[in-house]
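Okay, so here's the structure we're looking at.
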Amino acid sequence: MRAYVPITLDALATTPLQLPTKWDVPAGVVHFVTPQLRAEFPDADEEELEWEAFNGATDDSFALALQNTGAIPRRAVLSVDIPDRAATPVIGTNNSVASRGQTSGVSGAEVAALHIDEADVASVIAAARTGGALSKRQQTALDDAHLLWYHPAEIPQLLKDVHASPPDG
């Protein structure tokens, strides 16, 4: 199944990778099309459900970017293919995201793509790290920003480029 792993670019750069095609998914949060997500959107097709799961991972990536104040201030999501039973849905009242799941880790997951914010979104995330509320313009910029898609073969060079340029903001 396709899973979406929220991650920081710094964590991705320090994770043992067999890129461009394989990655050991660490234990933790992943997003995927869960039964709860299907129930929440009963008329959605598979592509729409995948989009919702991806957006859940994007939101969790934003939270990671805020928590890890030393990390590059950009959201990142790694799309991977894992065995169907490698992740379980998070169920309960503390889970407000129907696509959120948990994995105990997956060795050698197939990497489908890396998605990251454009560089100009970094200033919005950096501003959000100060603890104040985002301005309406900043919130709109964040809401409207779509993560860029990168082929697995591009990931090693992308990580070098991102770490070589100073963070915006």
*Between LEU66 and ASP43, what FRET efficiency comes out of the Förster formula 1/(1 + (r/R0)^6) with R0 = 45 Å and r the beta carbon distance, rounded to 0.05?*
0.85
*Which residue, ARG100, ARG85, ARG74, has the most motion in a Gaussian network model of the chain that connects Cα atoms within less than 10 Å?*
ARG85
*Extension gain (nm, one decimal) between ALA119 and GLN138, 0.36 nm per residue minus Cα-Cα*: 5.4 nm
*Farthest toward the dipole's positive end in region 57-169, which of THR130, GLY70, SER99, given Cβ charges of +1 (Lys, Arg) and -1 (Asp, Glu) about the Cα centre?*
THR130
*Given the rule -39500 (n - 2.57) for each run of at least 4 DSSP H residues, summed and divided by the residues of the chain, what is its mean residue ellipticity at 222 nm, to the nearest 500 deg cm²/dmol?*
-10500 deg cm²/dmol
*Taking springs between alpha-carbon atoms closer than 10 angstrom, which of GLN102, GLN157, GLN138 fluctuates most in the Gaussian network model of the chain?*
GLN157
*Could you give the DSSP H helices of the chain that reach 30 angstrom or more along their long axis (alpha carbon positions) and whose average Kyte-Doolittle hydropathy is no lower than -0.5?*
46-67
*Spin-label point model (7 Å from Cα, Cβ direction): what's the MET1 to SER96 distance in nm?*
2.4
*Calculate the spin-label point distance for THR88 paired with LYS160, positioning each point 7 Å from the Cα along the beta-carbon direction, and give it in nanometres.*
4.2
*Quick one: order ILE7, ILE155 by neighbouring beta-carbon count within 10 Å, fewest to most.*
ILE155, ILE7
*Fewest to most neighbouring Cβ within 10 Å: what's the order for VAL124, VAL97?*
VAL97, VAL124
*asked:* Counting other beta carbons within 10 Å of each residue's own, what order do TYR150, TYR4 fall into, fewest first?
replied: TYR150, TYR4
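Readers should treat all values here as calculations from the given coordinates under stated rules, not as data from a laboratory. All figures in this text were calculated on a predicted structure; none of them were measured in a lab. Neighbour counts run over all protein chains shown; Cβ positions are idealised from the backbone, glycine included.
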